[in-house]
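Everything on this sheet refers to the single structure shown next.
The values are calculated or read from the model by the stated rules, or taken from the named source; none is laboratory data. All of these numbers come straight from a predicted model, not from anything done at the bench. We place every Cβ from the backbone using ideal geometry, glycine too, and count neighbours over all the protein chains shown.
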Amino acid sequence: MNAPRGTAAHRHLFCFGCGYSAQRLARTILAEGGKISGTSRSAEGMQALDAAGITPWLFDGTAPVPPKALAGVTDILISIPPDDDGDGVLTHHPDLAQQCRHPAWIGLLSTTGVYGDADGAWIDESYPRNPLTQSNRNRVEAEDAWLAFGAASGVAVQVFRLPGIYGPQRSPFARFRAAQAQRIVKPGQVFNRIHVDDIVAALRLGMERPGAGPVFHLADGSPAPADEVLTHAAELLDLPAPPAIRFDDPALSPMARHFYAECKRLDISRAREQLGFKPIYPDHRAGLAAILNEETSNPE
């Protein structure tokens, strides 16, 4: 019996790197009767995947997964970041298309960090990439390698450039609970973000439209200052906002300084027009309210 149109029951998705976003996607596909396999770098991680209904495979970047792991796979998601030696999946699986007998779709999770700083401008996917760090230069190389792989093999490859990801157990609420919330203020600085469930929705749309793209921004439609987001989270928790820390404060960590060195506003028109993507959570207020409701209803 054929699976109903719009469901994932006919799919076997293989996730190279089955982390936060991939497991959220897996949950929806499993609920529709699809099959999920995924990799972890450790035995403990494999046990956690197995407990979630995901067939686990070890992949630590030193050797390929066995051929039987890829038997019957219809779709592939890559969320393992590349390193200075390149993309580990391509390095160990240059014949991936043949191993999977020509998968219908390959999705690569990348980052909007490939652009570097845009000085607050609205940018689309054609904006020149100018990464400021080695890790983001590695991302540029991985994007190009996967797109070249798709062109050479005839497999549909889509690249999804993501800003900061937030969702249940990964939001300002978690930082408040861990007493790690910092309200850094830099006038004129804004960020896009994306709720993990909007990533899931967009990936599902990409799987159904493999010929679209091939590069997409996935983000909310409302860039906002990080301190505004943190202040709103404090209000939802009935807590005072943390004291403001100026961006030029010498006590600020190098990591925080790097994070605030880039400012851009992401145009998501291509994802809207080609995928039919419409953010479930179009701004941080909607996203934070949903996260708090889920965490309150299902405390871990």
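Among the residues of the range 32-83, the ones that are in contact with a strand residue (DSSP E or B) (Cβ under 6 Å, 6 or more places away or on another chain) and at pLDDT below 95 come to 1 in all.
Filtering the range 48-79 to residues that are part of a loop (DSSP other than H, G, I, E, B), touching a helix residue (DSSP H, G or I) at 6+ places or on another chain (Cβ under 7 Å) and surrounded by 21 or more Cβ atoms within 10 Å (Cβ to Cβ) leaves Ile54, Ser79. Closer than 16 Å to Ala271 by Cβ and out of contact with any Lys or Arg (no Cβ under 9 Å at 6 or more places or on another chain) - does that describe any residue in the range 123-139? The answer is yes, given that some residue of the range 123-139 is closer than 16 Å to Ala271 by Cβ and out of contact with any Lys or Arg (no Cβ under 9 Å at 6 or more places or on another chain). The residues of the range 33-47 that are in a helix (DSSP H, G or I), over 21 Å from the mean Cα position of the chain (by Cα) and not charged (D, E, K, R), listed by number, are Ala43, Gln47. Might you let me know whether the range 247-268 holds any residue that is in contact with a Cys (Cβ under 6 Å, 6 or more places away or on another chain) and surrounded by 15 or more Cβ atoms within 10 Å (Cβ to Cβ)? Scanning the range 247-268, I find no residue that is in contact with a Cys (Cβ under 6 Å, 6 or more places away or on another chain) and surrounded by 15 or more Cβ atoms within 10 Å (Cβ to Cβ), so the answer is no. Where helices (runs of 4 or more DSSP H) fall wholly inside the range 177-289, the ranges with 1 or more residues that are closer than 23 Å to Ile123 by Cβ and in contact with a Pro (Cβ under 7 Å, 6 or more places away or on another chain) are 196-208, 226-236. Determine, yes or no, whether Ala271 is hydrophobic (A, V, I, L, M, F, W, C) and surrounded by fewer than 16 Cβ atoms within 10 Å (Cβ to Cβ). Spelling it out, it is not the case that Ala271 is hydrophobic (A, V, I, L, M, F, W, C) and surrounded by fewer than 16 Cβ atoms within 10 Å (Cβ to Cβ). Quick one: which residue in Pro223, Pro242 is at pLDDT below 95, crowded, with 18+ Cβ neighbours inside 10 Å and not basic (Lys, Arg)? Pro242 is the lone residue from the list that is at pLDDT below 95, crowded, with 18+ Cβ neighbours inside 10 Å and not basic (Lys, Arg).
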